[in-house]
Amino acid sequence: MIDLHTHILPFADDGAADLKTALAMGRAGEKQGLTTIAATPHFYYLPDWDLIKDKVESLQREFHREGLGITLVSGAELLLEPNLSKLPLEQIPTYGDQGKYCLIEFSFRQISVYLNQVIFDLQVKGITPIIAHPERYLAVIRDPNIVLEWIDLGCLIQINTGSVLGYFGPKIKETARIMLTHQMAHFLGSDGHNLKGRSLNLRKGYEAAAKILGIEMAHKMVADNPAVVLSGEFLEIDEPLRYKQKKRFFFF
Ligand SMILES: [Fe+2]
């Protein structure tokens, strides 16, 4: 299994507080059967791609020293903002620094008016954006079909294990379920920040997703699809299905 979304890198963001925690997170991942973990710290905490890559290399050395059989891959979780796509290609964090796929999150409460422009600019640079945890965004909870527009633009979609497991509440769990059953999601990621609470729980999320989708589809989301991303190849996806909206009333 491959986790494409983690905050395992110590001293980088609000994730692993120290090296000891990062090593323990790595051990927890290995126990679950993870072979590869992408370190994707929030880029707004540490807006220096070269420094992130150095830190990932040094954590990988620590993993080897500890006998951990996990491969770490450099990445970052980018926040969508207008200046992001203005950066030169080599300064935009992409998985494994291949310039092919990036992880991008949106504001939880409001979808940016710059969305289409930034997505387009990234694509012109040859980068395919993977949208992090859209099931947690207010606009998607209200209307999951918004995700169809993003897929139509050429984006890929990553859902959080915590959402599928209900850790963020019933509305987000239901939105994640709708996205899974309508082929609106391509990856499961733990978005693990620490050892308890928001941990590296990809296997647990996979098992919950397998109950909804079956083992084969769930496996794709934690193994086959992430492997394609890390290889830098083009990912073929299934046509997403439109969700027939029932009347859903949510109060915020
Ligand atoms: Fe994250």
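Can you pull out the residues in the stretch 23-44 that are within 16 Å of the ligand (Cβ to nearest atom) and buried (at least 16 other Cβ atoms within 10 Å of the Cβ)?
M25, G29, I37, A38, A39, T40, P41, H42, F43
Starting from the stretch 76-95, keep only residues that are within 24 Å of D191 (Cα to Cα), then list their pairs with residues that are in a strand (DSSP E or B) and small (G, A, S) whose Cβ atoms are within a distance under 8 Å, requiring at least 6 positions of separation or different chains.
From residues that are within 24 Å of D191 (Cα to Cα), the pairs are E77/A132; P93/S74; Y95/A38; Y95/S74.
Looking only at the stretch 161-192, how many residues end up being surrounded by fewer than 20 Cβ atoms within 10 Å (Cβ to Cβ) and closer than 20 Å to T40 by Cβ?
Counting residues in the stretch 161-192 that are surrounded by fewer than 20 Cβ atoms within 10 Å (Cβ to Cβ) and closer than 20 Å to T40 by Cβ gives 3.
Here are some residues: A227, A185, A218. Which one is touching a residue at least 12 places away in the same chain (Cβ under 8 Å), within 16 Å of the ligand (Cβ to nearest atom) and either over 23 Å from F106 (Cα atoms) or of a type in the set (G, A, S) (or both)?
The conditions single out A185.
Going by what's in this entry, would G29 be described as of a type outside the set (A, V, I, L, M, F, W, C), under 18 Å from the mean Cα position of the chain (by Cα), part of a helix (DSSP H, G or I) and more than 30 Å from L153 (Cβ to Cβ)?
Working: of a type outside the set (A, V, I, L, M, F, W, C): yes; under 18 Å from the mean Cα position of the chain (by Cα): yes; part of a helix (DSSP H, G or I): yes; more than 30 Å from L153 (Cβ to Cβ): yes.
Yes; evaluated as a whole, the condition is true for this residue.
Each value in this text was obtained by applying a stated rule to the coordinates, not by laboratory testing. Note that the coordinates shown come from a computational prediction; the quantities given were computed from them, not determined experimentally. Every residue, glycine as well, gets a Cβ built from its backbone with ideal geometry; the counts of neighbours run over all protein chains shown.
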